[in-house]
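Report on one structure; see the data block that follows.
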Amino acid sequence: MSKLDYCFSNDYMVLRPDRAGPVELLHLLVSPKVGRNRAVDCFTSTEIRSFLRRLSIFLNLLLQILLLSLAGPLAALGAAVELVLNLLDNVLHGRMEYPDTSSPTYRSLTGLIDRRVDLDRSIEPTDSRHDAALCVMASKLAYENEAFIRNVVTSNWQMEFVRFYNCWNEFQNAYTAQAFVFRDKPVDADLVVVAFRGTRPFDAARWRADLDPSWYKVPRLGRAHAAYTQALGAQRNIGWPKWVEHIKCKPQKVYAYYAIRDTVKELLEANKKARLLVTGHGSGGALAVLFPAILAYHKEKAVLDRLGGVYTFGQPRVGDAMLAMFVQRNLDRPKKRHFRITYGDDPLPWLPSASSAVHFIHFGLGLHFDKSYKLKVLPELPGEASSSSPPLDLVRSRINSAWELGRSVYLGYQRGAYFREGWLLLLMRVVALALPGLPFHRVRDYANAILLGAYIPEDN
């Protein structure tokens with residue numbers, strides 16, 4: 001990439017771990033003139049006088065370099081682990097066949113950890129939890145392959161699967177965004193839902209994107225996270241034109257925002273009373289909140305007027321105060337439509353770290369569930385304005401891990417089979433006693449929190 005790729009932005013800072021050698025890293029520590037550093041793409045005149053912030057960027061680059069070096073081996077390990085677990089799953093269920101990664105029975109690691117696919121039919125459409133419950137299950141389902149998703153939507157949910165998207169990233173020259181669209185009925189639908197996939201457990205390249213504090217400042221929009229902007233379909237040199245041609249002669253290479261927007265507009269035009277829900281877990285949540293932001297940027301009022309809600313689960317920070325005001329002005333008036341749901345000590349909502357990305361903040365109606373799945377409405381993450389010592393954090397994390405293990409066993413007996421955890425997740429919770437934080441960022445806990453919660457508030 002050259003600096004011409006960012007000319008759609010009137011300010012930017014993009015970290016380049018691929019160009020970060022010993023000289024660049026040392027220069028970052030000793031000189032405030034980051035604009036002259038090959039490992040940081042920004043205006044040449046840019047300076048960062050704070051040593052602590054430069055140190056944070058230095059450490060972030062080191063971590064990104066490590067993750068880039070591990071991306072290939074971890075991807076191979078993840079594929080092998082999933083294959084073996086699916087083979088074992090086939091044997092345990094009497095299917096003596098070699099797993100096919102594209103079949104409707106092949107599960108991702110997320111699907112193996114939490115095997116639930118059915119919706120909780122006790123939650124009626126009039127229940128305040130209805131939209132959130134549907135969205136959290138769709139966010140979980142987004143981790144699976146297209147055939148699996150199609151089968152669950154049509155057979156288990158009795159809804160209409162519309163399309164699965166595997167979308168091209170022009171900056172990374174890779175497919176970095178996946179999503180699917182469905183509606184509750186094939187004719188005269190009440191709901192159209194877009195669900196974005198989050199970061200898979202062994203996808204080090206996506207972990208790197210989650211950690212990366214790089215940003216672009218787009219006129220009228222504000223500063224937005226660079227990796228999520230790229231993944232959603234921003235274009236080299238021109239950023240966010242209202243219309244874009246997909247790659248000619250390669251119809252499989254589509255851009256997430258543009259392809260999904262066109263499908264949603266067609267569905268809403270054909271279903272006059274349908275509401276639109278957008279959702280995602282983790283980095284999928286980041287894409288979910290940026291998607292309607294770009295709709296507003298393009299003044300797609302007809303679509304935004306039909307937006308019923310944006311539900312994100314464990315979403316990282318995606319932008320600055322200007323972006324927050326832009327989103328709130330277009331999504332949360334006259335009523336709240338952006339629900340940012342967090343759970344326990346999930347680390348992803350803390351990213352990018354405040355020390356390396358000073359502009360990034362959270363926005364939307366913050367709904368935080370604690371370890372007992374009790375809800376608090378919070379503008380920030382718990383503990384965001386306070387700090388504690390590492391020894392105390394270590395003790396607290398082990399206590400939390402023990403509590404979660406006991407709660408998981410208890411829930412299975414108290415609430416029945418739907419909430420009973422399988423051997424794989426229970427094993428991970430036992431290991432978490434020694435390695436606190438594992439299993440972290442689990443979509444299962446978000447599903448439990450919504451399903452066991454009493455209500456989802458519609459405002460502060």
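Checked across the stretch 214-221, the condition of being without any contact (Cβ under 8 Å) to a residue 24 or more places away in the chain and of a type in the set (Val, Ile, Thr) holds for no residue. Of all residue pairs spaced 6 or more apart or on separate chains, those with beta-carbon atoms under 9 Å, a first member in the stretch 389-409 that is under 15 Å from Leu427 (Cβ atoms) and a second member that is modelled with pLDDT under 75 are Ser401/Leu435; Ser401/Pro436; Ser401/Gly437; Ser401/Leu438.
Would you confirm whether or not the stretch 296-311 contains a residue that is at pLDDT 95 or above and buried (at least 24 other Cβ atoms within 10 Å of the Cβ)? Yes, the stretch 296-311 contains a residue that is at pLDDT 95 or above and buried (at least 24 other Cβ atoms within 10 Å of the Cβ). Taken across the stretch 177-193, residues that are in contact with a strand residue (DSSP E or B) (Cβ under 6 Å, 6 or more places away or on another chain), open to solvent by less than 20 Å² (accessible area, probe 1.4 Å) and assigned to a helix (DSSP H, G or I) do not occur at all. Going by the conditions given, is Lys335 open to solvent by 10 Å² or more (accessible area, probe 1.4 Å), farther than 23 Å from Lys185 by Cα and of a type outside the set (Asp, Glu)? Criteria met by Lys335. Residues in the stretch 146-183 that are acidic (Asp, Glu) and at pLDDT 95 or above: Glu146, Glu160. Taking the criterion of being among the β-branched types (Val, Ile, Thr) and either touching a Ser or Thr at 6+ places or on another chain (Cβ under 8 Å) or open to solvent by 20 Å² or more (accessible area, probe 1.4 Å) (or both), the residues of the stretch 122-143 that qualify are Thr126, Val136. The set of residues in the stretch 155-167 being in a strand (DSSP E or B) and open to solvent by less than 30 Å² (accessible area, probe 1.4 Å) consists of Phe161, Tyr165, Cys167. Could you check the stretch 100-117 and list, in sequence order, the residues that are more than 21 Å from the chain's Cα centre (by Cα) and either open to solvent by less than 40 Å² (accessible area, probe 1.4 Å) or free of Cβ contacts under 8 Å to residues at least 40 places away in the same chain (or both)? Residues satisfying the conditions are Asp100, Ser103, Tyr106.
So that you can scan it fast, the table gives a plain yes or no per residue for (1) within 23 Å of Trp207 (Cα to Cα); (2) touching a residue at least 12 places away in the same chain (Cβ under 8 Å); (3) among the β-branched types (Val, Ile, Thr); (4) surrounded by fewer than 17 Cβ atoms within 10 Å (Cβ to Cβ):
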{"residue": "Leu29", "(1), (2), (3), (4)": "no, yes, no, yes"}
{"residue": "Ser45", "(1), (2), (3), (4)": "no, no, no, yes"}
{"residue": "Arg49", "(1), (2), (3), (4)": "no, yes, no, yes"}
{"residue": "Leu62", "(1), (2), (3), (4)": "yes, yes, no, yes"}
{"residue": "Gly72", "(1), (2), (3), (4)": "yes, no, no, yes"}
{"residue": "Ala75", "(1), (2), (3), (4)": "yes, yes, no, yes"}
{"residue": "Val81", "(1), (2), (3), (4)": "yes, yes, yes, yes"}
{"residue": "Tyr98", "(1), (2), (3), (4)": "no, no, no, yes"}
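Where residues in the stretch 194-220 are within 26 Å of Leu307 (Cα to Cα), in a loop (DSSP other than H, G, I, E, B) and basic (Lys, Arg), which of them is most open to solvent (accessible area, probe 1.4 Å)? Checking each candidate, the answer is Arg220.
The values are calculated or read from the model by the stated rules, or taken from the named source; none is laboratory data. A quick note: this is a predicted structure, and the numbers were derived from the prediction, not measured. Note that we place each Cβ from the backbone using ideal geometry, even for glycine, and neighbour counts take in every protein chain shown. Surface accessibility is based on the protein's heavy atoms, side chains included, excluding ligands, DNA and RNA. Shrake-Rupley method; radii C 1.70, N 1.55, O 1.52, S 1.80 Å.
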